[in-house]
Structures are given as C-alpha cells and as structure tokens.
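The values are calculated or read from the model by the stated rules, or taken from the named source; none is laboratory data. Model, not experiment: these values are computed from the prediction. Reconstructed Cβ throughout: ideal geometry from the backbone, glycine too, with neighbour counts over all protein chains shown.
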Amino acid sequence: MCTPPTIKEYCNSILHLVQHQELVFINDITTRKMLKRWIEEPLDDPSLQFLKDLLRDKRPELTPAVTDVQCPEEYRWFIDQLIKTSPSAFLVPQESHGAVTDFLEGEISADQAKILSCSAPAVFRLYSEGSHSVQWVRCCVQALLSIAKQFAATTPHSISSPLNSVGFFPHLPPVSGRGSYFIDRKPADDTQCTKNAGNHGKLLPGVFTQHCKHGEY
C-alpha cells in the first residue's frame, strides 16, 4: 500500500523542482505594478514606453496589447487576472487542459465549454466574449497553459482517502488523504465533527484545503 507524503515531504519535493516565481505569469513586480497602473489610469508617453519595454523583456505575449494609454475596458479584468501572484494553475487547472487546448485551436464542443465554465471560468469568459480570436489573448492563454503543465508535471502523488471525490483543492492536484491533527478533539461519538478548533489556521503554511476525517468542510 502506498503511503501518501506528509505536507513537509510534499512541499520539499515541489520546492526543489520548481520555484513559486516560475509558476506566476508575470514574476517581475515592476511589470505587475505598471500593468496595474495601465488598468486603472491613462499613462503618459514615457510611462507607456517604459511599460512596453518591460513587457518585451518580461512578457512579450502582452506587448501587442499595449496600443493605447490605458487598457481597453473589455480586457481590464483579464489583465488583472494575469498580474496576480497566484500560480497559473489557478486560471487553467489540470482538469481543464484539454478544453483549453481546444480553445486555442478554435473548436470547442458543448462538453468542453461546460468544463471551461466550471474549472477555468476566465478562459470561458474569453471564449464567450469572442476574445479567443485576438492573437495576443491566445498567446497569453498558451503561456498560462504551458506554465500550468509545468506545475502539473512536478506533482506526482497518490491518494489514500476513500472520499477523494471531495478531497482536493479545486484548482490544484490532490496532495494526500485526510489527516488527524493534534489539535483535533476526538468526540465520544465518532459521527460528530469538532474540526473547527481555533488554532487550526496556525498548523500549516500557505494555502491548503483542510478536512476533518468525517469528510466535512
């Protein structure tokens, strides 16, 4: 029987393979700040040129998008998603990769559209608004997919929980089955749940889905 890795073992296995900054679409803070300004306000000519120069170096896929002093209103939400520091796997999770590939090829079935709407709503919105025909948008989605696949390729693990259909973080692969933490107070009646202990938030770093062993969130 395969034993699932502990949280520490899992994090160590990821950290030596890929760094967080490699999983972020724009890992340069100055570029992110300039794009944020471009979304919120018109830029003067020097600032606009500075942004273009940054993008040519850091994210050339976005360079063709910067054609005016301020981001077009219909793309502001998308640029805002791209400048976040969350891993790209949040925008294009593993279960959506097939549908995102079809999106890039310009042909999406009803089933694939449903997958996009549930697991990759940002990409689905681009499709529903017709933005999938815009070349720089397609290039950005392709880059997101490449980064997300890089992450997925570094996270092999097994699942021990019999309730694994609900035992995962929706935009990332499952890590392991449910654990019992020291803080948990086991009730006399094993059908009851006491997972809402006050110090649970201090047990683990980062973003994890925490479950009680009864399968309740």
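Could you count how many residues in region 84-114 are of a type in the set (Val, Ile, Thr) and more than 26 Å from residue 22 (Cβ to Cβ)? I'd like the intermediate steps shown before the answer.
Quick first cut of region 84-114, residues of a type in the set (Val, Ile, Thr) only: 85, 92, 100-101, 108.
Right, trim to more than 26 Å from residue 22 (Cβ to Cβ) and you get 108.
Residues meeting the conditions: 1.
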Can you find a residue in region 161-170 that is at pLDDT 85 or above, farther than 30 Å from residue 56 by Cα, small (Gly, Ala, Ser) and crowded, with 16+ Cβ neighbours inside 10 Å? no
Give me the pairs: first residue in region 22-41 and farther than 19 Å from residue 137 by Cβ and surrounded by fewer than 20 Cβ atoms within 10 Å (Cβ to Cβ), second residue charged (D, E, K, R) and at pLDDT below 95, beta-carbon distance under 6 Å, and six or more apart or on different chains, which are they? 28/58
Region 125-143 residues that are farther than 15 Å from residue 101 by Cα, paired with ones that are small (Gly, Ala, Ser) (beta carbon under 7 Å, 6 or more apart): 136/65
Could you give me the residue pairs with C-beta distances under 8 Å whose first residue belongs to region 102-116 and is among the small types (Gly, Ala, Ser), whose second residue is in a helix (DSSP H, G or I) wherever it lies, and which are 6+ apart or on separate chains? 106/132; 106/133; 109/102; 113/99; 113/124; 113/127
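Would you please name the residue that is surrounded by the most Cβ atoms within 10 Å (Cβ to Cβ), looking only at residues in region 115-138 that are of a type in the set (Val, Ile, Thr) and more than 17 Å from residue 88 (Cα to Cα)?
We begin by selecting, within region 115-138, every residue of a type in the set (Val, Ile, Thr); these are 115, 123, 134, 137.
Now drop any that are not more than 17 Å from residue 88 (Cα to Cα), which leaves 115, 134.
Working: 115: 20, 134: 16.
Only one residue fits best here, namely 115.
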